[in-house]
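Student: To start, I am sharing the structure in question, which I have written as structure tokens.
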Amino acid sequence: MSDPDKPPSLEDLEGRLRQARGKRDDGTSRGQAERRLTEGKSSLGLAWQLGVEMITAVAVCTVGGWWLDRWLGTRPWIMVALFLLGVSAGTLNAYRLAMRFGREAQEPPEGDEDR
Amino acid sequence: MGQTNPLEQFEIRRLIDLKIGGIDASFTNSSLFMVLIIVLTTVFVLYAMRKRAMVPGRFQLMAELTYEFIAGMVRDNVGKEGMPYFPFVFTLFMFILFANLLGMVPYSFTVTSHIIVTFALAIVVCVGVTVIGFMRHGLKFLGLFAPAGVPLVLLIILVPIEIISYVVRPCSLSIRLFANMMAGHTLMKVFASFVISLGLLAGWVPILLISALNGLEVGIAMLQAYVFVILTCLYLNDGVHMHH
């Protein structure tokens with residue numbers, strides 16, 4: 001590096017590459033691009049993901065329950081039960097997603113104030 | 001010509017009629033764009049990497065950045081054990097990214113604005129993850145639905161909730177992508193029809209809005225490809241390591 005005219009030898013480069021790879025595989029250095037993306041992702045975007053997660057679970061369960069009820073003639077009990085389970089499942093999924101992204105945002109020391 | 005239907009852009013048209021055993025397998029505009037996406041992705045990567053230069057040019061840099069980005073994502077979220085599945089994740093990312101971006105070209109067709117397409121992608125991911133889970137852990141994979149250290153009474157409620165939250169995944173994965181793409185394109189078309197109805201005097205305002213919206217849409221196109229793939233990685237992590 002000190003002599004700009006002379007390129008570093010290939011052995012030197014190889015060594016540095018190996019070092020970088022070793023560090024990468026330990027998981028100590030995270031992909032820079034990804035960190036930027038998770039940080040840059042607006043809170044609005046995250047809110048969208050969570051909303052979709054919750055609504056889908058409730059909708060799928062309710063429609064599935066309604067259909068099962070019609071098939072078995074037990075209206076409205078399966079639908080009610082599945083609706084409640086759907087709400088819980090949706091909340092659980094949203095919670096897990098939020099924790100996941102929260103953890104990712106927390107890892108770099110500076111990016112923890114925005115949510 | 002004044003008021004066009006904003007949903008017209010999502011219409012499926014048959015280009016070549018084809019019936020296989022009573023199933024309508026016609027070659028539609030959707031299929032045409034999927035073929036186009038695959039060809040474009042392949043051409044892009046092959047063209048970018050044709051020189052394999054030590055100091056990359058513009059295209060090579062783009063291809064290498066995407067590759068490194070996805071490789072890093074799989075490594076960070078699934079670990080080294082996830083690398084065998086990297087080719088699949090990379091292909092998935094490129095397909096969705098090109099589908100979303102190609103949809104931004106005027107007069108083109110957005111493949112990912114149809115829920116059946118996104119659902120097919122999502123169900124492949126989720127069934128694949130389940131198969132991987134059972135292959136790696138055997139019947140112990142069912143332990144994913146029963147967290148350790150929970151009293152029996154709670155398990156009666158918790159197990160159905162866990163199962164539902166697992167089953168619902170392909171739905172939320174596909175609805176997210178489909179809804180984002182469809183909502184954005186419909187909104188653009190609605191604004192575009194305002195241009196015509198407002199005429200020469202006030203028609204310029206929606207044009208400004210459309211320009212801004214266009215930038216946002218390109219951002220969403222990339223973000224949604226990213227979100228789809230990172231969720232795939234998270235699910236893959238469940239299958240490989242069996243913890244949330």
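The values are calculated or read from the model by the stated rules, or taken from the named source; none is laboratory data. As the structure is a prediction and not an experimental result, all values here were calculated from the model. Don't worry about glycine lacking a Cβ; one is built from the backbone with ideal geometry, like all the others, and counts go over all protein chains shown. All accessible areas refer to the heavy atoms of the entire protein, side chains included, with ligands and DNA or RNA removed. Shrake-Rupley method; radii C 1.70, N 1.55, O 1.52, S 1.80 Å.
Student: Exactly one condition in (1) open to solvent by less than 40 Å² (accessible area, probe 1.4 Å); (2) touching a residue at least 24 places away in the same chain (Cβ under 8 Å) is false for B:Phe86; which is it?
Tutor: Answer for B:Phe86: the failing condition is (2).
Student: Quick check on segment A:77-97: of everything there that is more than 8 Å from chain B (Cβ to nearest Cβ) and of a type in the set (Gly, Ala, Ser), which residue is most open to solvent (accessible area, probe 1.4 Å)?
Tutor: A:Ala81
Student: Same structure, new question: Of B:Leu144, B:Leu97, B:Leu152, which residue is within 14 Å of chain A (Cβ to nearest Cβ) and more than 19 Å from B:His241 (Cβ to Cβ)? Before you say what the answer is, go through the steps one by one.
Tutor: Details: B:Leu144 fails: more than 19 Å from B:His241 (Cβ to Cβ); B:Leu152 fails: within 14 Å of chain A (Cβ to nearest Cβ).
None of the other options fit; the residue is B:Leu97.
Student: Would you please list the contacts, defined by Cβ atoms under 8 Å and residues six or more apart or on different chains, that run from a residue in segment B:151-172 that is within 18 Å of B:Asp238 (Cβ to Cβ) to a residue that is charged (D, E, K, R) and open to solvent by less than 20 Å² (accessible area, probe 1.4 Å)?
Tutor: Correct list of pairs: B:Ser172/A:Glu53.
Student: Given the conditions (1) free of Cβ contacts under 8 Å to residues at least 12 places away in the same chain; (2) in contact with a Phe, Trp or Tyr (Cβ under 7 Å, 6 or more places away or on another chain), and given that B:Leu200 satisfies all but one, which numbered condition is not satisfied?
Tutor: (2)
Student: For segment B:112-131, state whether one or more residues are part of a helix (DSSP H, G or I), over 17 Å from the mean Cα position of the chain (by Cα) and surrounded by 14 or more Cβ atoms within 10 Å (Cβ to Cβ).
Tutor: Of segment B:112-131, the ones part of a helix (DSSP H, G or I) are B:112-113, B:115-131.
Remaining after also requiring over 17 Å from the mean Cα position of the chain (by Cα): B:130-131.
Remaining after also requiring surrounded by 14 or more Cβ atoms within 10 Å (Cβ to Cβ): B:130.
For segment B:112-131, residues part of a helix (DSSP H, G or I), over 17 Å from the mean Cα position of the chain (by Cα) and surrounded by 14 or more Cβ atoms within 10 Å (Cβ to Cβ): present.
Student: In segment B:187-244, what residues are of a type in the set (D, E, K, R) and more than 30 Å from B:Gly138 (Cβ to Cβ)? Quick ask: steps written out before the conclusion?
Tutor: Applying the first criterion (of a type in the set (D, E, K, R)) to segment B:187-244 yields B:189, B:217, B:238.
Within segment B:187-244, B:Lys189, B:Glu217 meet the criteria.
Student: Does B:Glu81 satisfy the criteria of being open to solvent by 60 Å² or more (accessible area, probe 1.4 Å), within 14 Å of chain A (Cβ to nearest Cβ), part of a helix (DSSP H, G or I) and touching a residue at least 60 places away in the same chain (Cβ under 8 Å)?
Tutor: Taking the combined requirement at face value, the residue satisfies it.
Student: Continuing with the same structure: Could you count how many residues in segment B:16-46 are exposed (fewer than 13 other Cβ atoms within 10 Å of the Cβ), aliphatic (A, V, I, L, M) and modelled with pLDDT of 90 or more?
Tutor: The number of residues fulfilling the criteria is 4.
Student: Residues of segment B:47-78 being loosely packed, with under 15 Cβ neighbours inside 10 Å and either in a helix (DSSP H, G or I) or at positive phi (or both), which ones? Step through it out loud before you land on a result.
Tutor: Narrowing segment B:47-78 to residues loosely packed, with under 15 Cβ neighbours inside 10 Å: B:47, B:50-55, B:57-58, B:61-62, B:64-65, B:68.
Across segment B:47-78, the qualifying residues are B:Tyr47, B:Arg52, B:Arg58, B:Leu61, B:Met62, B:Glu64, B:Leu65, B:Glu68.
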